[in-house]
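Working notes, structure below.
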Amino acid sequence: MKTSRSFLLKSAFAVSAIAMLTLAACSKPADKAAPSADAVTATRADWGALSDGTKVEAVELKNSKGVSARIISYGATLQDLMVPGADGKAADVVIGYDSIDGYEKTPNYTGVTVGRYANRIAKGKFTLDGKDYTLAINNKPNALHGGLKGFDKHVWAIEDVKSGADAASVTLKYVSPDGEEGYPGTVTTEVTYTLNENNDLTISYKATTDKPTVINLTNHSLFNLGGVPVSRPATDAYVKIESDAILAVDKTLIPSGELPVKGTPFDFTTPGLVSDRIKSDHPQIVIGNQGIDHNFIIRGGLTATPKLAVTVEDKVSGRGMQISTTEPGVQMYTGNFLDGTIVGKGGQKLVKYQAMAFESQHYPDSPNHPTYPTTRLDPGQTYTQTTVHHFYTVK
């Protein structure tokens, strides 16, 4: 067979290239085999013990951008959340306690996972499949946030901890027995906190049951983007909410019907300074102890993937937060009932307006309102929810 010169030259160059690549690979075997370092880390450690000796653990998630989140197993609680400001310095932006003692003795729903039912159920009663259920009245005259010993007052099992190049996470699990706090069915719940390199803290939930029940889960972090310990009211921030209506409430804060926000202090369709809104004499502001404690109906309703719901910007610190959620509602609470009983981080007594909550959830008292998005969970179904907190610098 006749072989062309060009073919031989090409073959020689190919062999030579292969040899060079092989030599390069052999000369630096350690570089090729070395694993890349995790940019986002998860560190697990002890975090004290309850008065009965039960051990509490903490997992700290930390990225390379200066954002970190500490989650403790008591109440699957977001205990600490460090976020850089415009000056590059990180500050804690959630109220809470420096030790487990505060969470156990004066809880006040600071950063906890709330269940089995977040928010209020009127007079602590609901009916499911013709059977009446009675709950503890812990927020007279209503049931609130799962009862006397809800999900927030149990030690959750840490199921999984992961570090990675792009994200780190911790998954916690709690099994609520049939009849706990008056709710039917054994409910198994997992909550996963994930921090990534994009400064997104994602909280995702899933739950199953062995009997028909109702469920409404949320995280009850109370934010002050100016930093904690608090030097300025959290309400000195601008808020935008993707909502055209709220659930108006009666004097016991139970929903009484929809109220369009246009022309009211609840109109955050464009950014508004919260401090200005809570000075209003609007009857719904007065009912809320001169503040906001209302569920905003988020455009798009219940969705499969998170949609933008809330934007909060603190102009002084330069910290911004966007909340996206799959949930149909967000309960905005401006700290109207903070009365100094919380002696929080740094020994600071927290008073009115020093923190704000934005709780992604289904509507309050849904089991007693057939037209609301259902909170029913049946055997064979899986409850899911995802809420993303994205942090950024305000320019």
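The values are calculated or read from the model by the stated rules, or taken from the named source; none is laboratory data. Here the structure is a predicted model, which is why all the values come from computation and not from measurement. Using ideal geometry, Cβ is built from the backbone for each residue, glycine included, and neighbour counts are taken over all protein chains shown.
Any idea which residue in region 124-146 is surrounded by the most Cβ atoms within 10 Å (Cβ to Cβ), counting only those that are in contact with a helix residue (DSSP H, G or I) (Cβ under 9 Å, 6 or more places away or on another chain) and not in a strand (DSSP E or B)?
GLY146
Which count do you get for residues in region 83-97 that are in contact with a Leu (Cβ under 7 Å, 6 or more places away or on another chain) and of a type in the set (A, V, I, L, M)?
3
Filter region 262-295 down to residues that are under 23 Å from ASP314 (Cα atoms) and either of a type in the set (Val, Ile, Thr) or touching a helix residue (DSSP H, G or I) at 6+ places or on another chain (Cβ under 9 Å) (or both), then give me how many there are.
17
Mind checking whether some residue in region 39-50 is closer than 30 Å to ARG232 by Cα, in contact with a helix residue (DSSP H, G or I) (Cβ under 8 Å, 6 or more places away or on another chain), crowded, with 23+ Cβ neighbours inside 10 Å and at pLDDT 95 or above?
no
Could you please find all residues in region 260-278 being closer than 15 Å to TYR238 by Cα and of a type outside the set (Asp, Glu)?
Across region 260-278, the qualifying residues are PRO265, PHE266, PHE268, THR269, THR270, PRO271, GLY272, LEU273, VAL274, SER275, ARG277, ILE278.
Given (1) surrounded by 23 or more Cβ atoms within 10 Å (Cβ to Cβ); (2) under 22 Å from LEU217 (Cβ atoms), where does VAL83 come up short, assuming only one miss?
(2)
Which residues, counting only those in region 224-253, are outside any strand (DSSP E or B) and polar (S, T, N, Q)?
Narrowing region 224-253 to residues outside any strand (DSSP E or B): 229-237, 242, 250-253.
Correct list: SER231, THR235, THR252.
If I ask for residues that are surrounded by 19 or more Cβ atoms within 10 Å (Cβ to Cβ) and of a type in the set (Ser, Thr, Tyr), which ones from region 239-270 would you list?
SER243
Check GLY329 against each of (1) surrounded by 24 or more Cβ atoms within 10 Å (Cβ to Cβ); (2) farther than 22 Å from ASP80 by Cα; (3) touching an Asp or Glu at 6+ places or on another chain (Cβ under 8 Å); (4) not aromatic (Phe, Trp, Tyr) and name the one condition it does not meet.
(3)
Which residue out of ALA157, ALA122, ALA167 is under 22 Å from TYR74 (Cα atoms) and modelled with pLDDT of 95 or more?
The unique qualifying residue is ALA157.
Would you please name the residue that is surrounded by the most Cβ atoms within 10 Å (Cβ to Cβ), looking only at residues in region 147-168 that are in contact (Cβ under 8 Å) with a residue 60 or more places away in the chain and assigned to a loop (DSSP other than H, G, I, E, B)?
Here the residue is TRP156.
Among (1) polar (S, T, N, Q); (2) within 18 Å of the chain's Cα centre (by Cα); (3) in a strand (DSSP E or B), there is one condition SER256 misses while meeting the rest; what is its number?
(2)
Return the residue satisfying two criteria in turn: it lies in region 171-223 and is β-branched (Val, Ile, Thr) and not in a strand (DSSP E or B), and of such residues it is surrounded by the fewest Cβ atoms within 10 Å (Cβ to Cβ).
Result: THR186.
Of the residues GLY320, GLY340, GLY300, which is closer than 20 Å to THR110 by Cβ and either of a type outside the set (D, E, K, R) or at pLDDT below 95 (or both)?
Residue meeting the stated conditions: GLY340.
If we scan region 292-308, do we find a residue that is over 22 Å from GLU327 (Cβ atoms), of a type in the set (S, T, N, Q) and part of a loop (DSSP other than H, G, I, E, B)? Give the derivation first.
Step one: of region 292-308, the residues over 22 Å from GLU327 (Cβ atoms) are none.
The answer is no, given that none of the residues of region 292-308 is over 22 Å from GLU327 (Cβ atoms), of a type in the set (S, T, N, Q) and part of a loop (DSSP other than H, G, I, E, B).
For the list (1) farther than 20 Å from VAL112 by Cα; (2) touching an Asp or Glu at 6+ places or on another chain (Cβ under 7 Å), I need the number of the one condition that LYS173 fails.
(1)
Right, THR113: modelled with pLDDT of 95 or more, within 30 Å of THR186 (Cα to Cα) and buried (at least 17 other Cβ atoms within 10 Å of the Cβ) or not?
Judged against the criteria, THR113 is a match.
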